[in-house]
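Heads up, the thing below is written out as structure tokens.
The values are calculated or read from the model by the stated rules, or taken from the named source; none is laboratory data. Remember, it's a predicted structure, so these values are computed and weren't measured experimentally. All Cβ positions, glycine included, derive from the backbone under ideal geometry; neighbour counts span all protein chains shown.
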Amino acid sequence: MKNILLIDDHNLIYQGLKRQLSDDLEIFYAANTAEAKEIVHSHQIDIAVIDISVGRENGFDIAPDIKPFVKKIFFLTMHKSQIYVTKAMHEGYDGYFLKDEPLDLMEEAFSHPDNKKFWMTDLVASVLESAGANKSELYDKLSPREQQILRMTAEGAGYRDIGSKLNISAKTVNVHRANAMRKINVESQIELVKYALKIGIIEID
């Protein structure tokens, strides 16, 4: 039996996976990084499955803390984002699945994770060729910190909130934000939100 850790702030996703996946897969659930760390320290977890948006946390910020304790990491999300799919591939993770697709391929990936270098459905593969790809090239050239602050700003977080979360000053946040906006050629908060929606790093619920 394989142990799977789902990190997602929606308990309904956990309940759905428990009902639909094979009995050979034991599903553990964490709603945030702290809970996930407790589980990986107390259980032998084979595979972690992480949402991109976990409350106020981003799955790509959670994954590095979990990676040393698991064999494979997959993302399961609603984000149809070329940026995120590419990031998952480039950072050495193992697959990217969408919540609104059938679970067949994901279950196969859980059972035979080494059969492919990177698991994704045809729909996810098509995202890599989406119209937003050219615009996303500018985003790819930002530093990890600039990307992080740009995304949080587009989600509506203020300088002080971002600074508190990242343990940096509001002034430093402002400098990173200004540099990032200059590099992607946007001049206002409205343009920034439109850009973020276009390349798929945020979504409207």
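Laid out as a table, the results:
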| item | result |
| --- | --- |
| The range 100-110, residues that are farther than 16 Å from Leu6 by Cβ and in a helix (DSSP H, G or I) | Asp104, Leu105, Glu108 |
| Matching residues, the range 79-101, being without any contact (Cβ under 8 Å) to a residue 40 or more places away in the chain and aliphatic (A, V, I, L, M) | Ala88, Met89, Leu98 |
| Selection count where residues are of a type outside the set (Phe, Trp, Tyr), within 30 Å of Ala154 (Cα to Cα) and part of a strand (DSSP E or B), scope the range 1-60 | 11 |
| Residue ID - surrounded by the most Cβ atoms within 10 Å (Cβ to Cβ), chosen from residues in the range 61-77 that are hydrophobic (A, V, I, L, M, F, W, C) and part of a strand (DSSP E or B) | Phe75 |
| Search result, residues across the range 78-109 that are among the small types (Gly, Ala, Ser) and buried (at least 17 other Cβ atoms within 10 Å of the Cβ) | Ser81, Ala88, Gly95, Ala109 |
| Identity of the residue in the range 110-125, without any contact (Cβ under 8 Å) to a residue 60 or more places away in the chain and more than 18 Å from the chain's Cα centre (by Cα), that ends up surrounded by the most Cβ atoms within 10 Å (Cβ to Cβ) | Lys116 |
| Lys165 over 17 Å from the mean Cα position of the chain (by Cα) and either under 27 Å from Lys37 (Cα atoms) or at pLDDT below 90 (or both) | yes |
| Qualifying positions in the range 1-34 - of a type in the set (D, E, K, R) and in contact (Cβ under 8 Å) with a residue 24 or more places away in the chain | Lys2, Asp8, Asp9, Asp24, Glu26 |
| Qualifying residue in the range 185-200 (condition: aromatic (Phe, Trp, Tyr), surrounded by 13 or more Cβ atoms within 10 Å (Cβ to Cβ) and either in contact (Cβ under 8 Å) with a residue 40 or more places away in the chain or touching a Gly at 6+ places or on another chain (Cβ under 6 Å) (or both)) | yes |
| Any chance Ala196 is assigned to a helix (DSSP H, G or I), over 22 Å from Ser53 (Cα atoms) and among the small types (Gly, Ala, Ser) | no |
| Hits in the range 24-52 - residues which are within 26 Å of Gln147 (Cα to Cα) and touching a helix residue (DSSP H, G or I) at 6+ places or on another chain (Cβ under 7 Å) | Ala30, Thr33, Ala36, Lys37, Ala48, Ile50, Asp51, Ile52 |
| Failed item in (1) assigned by TED's automatic domain parsing to the domain that holds Ile7; (2) under 23 Å from Lys80 (Cβ atoms), with Ser111 passing the rest | (2) |
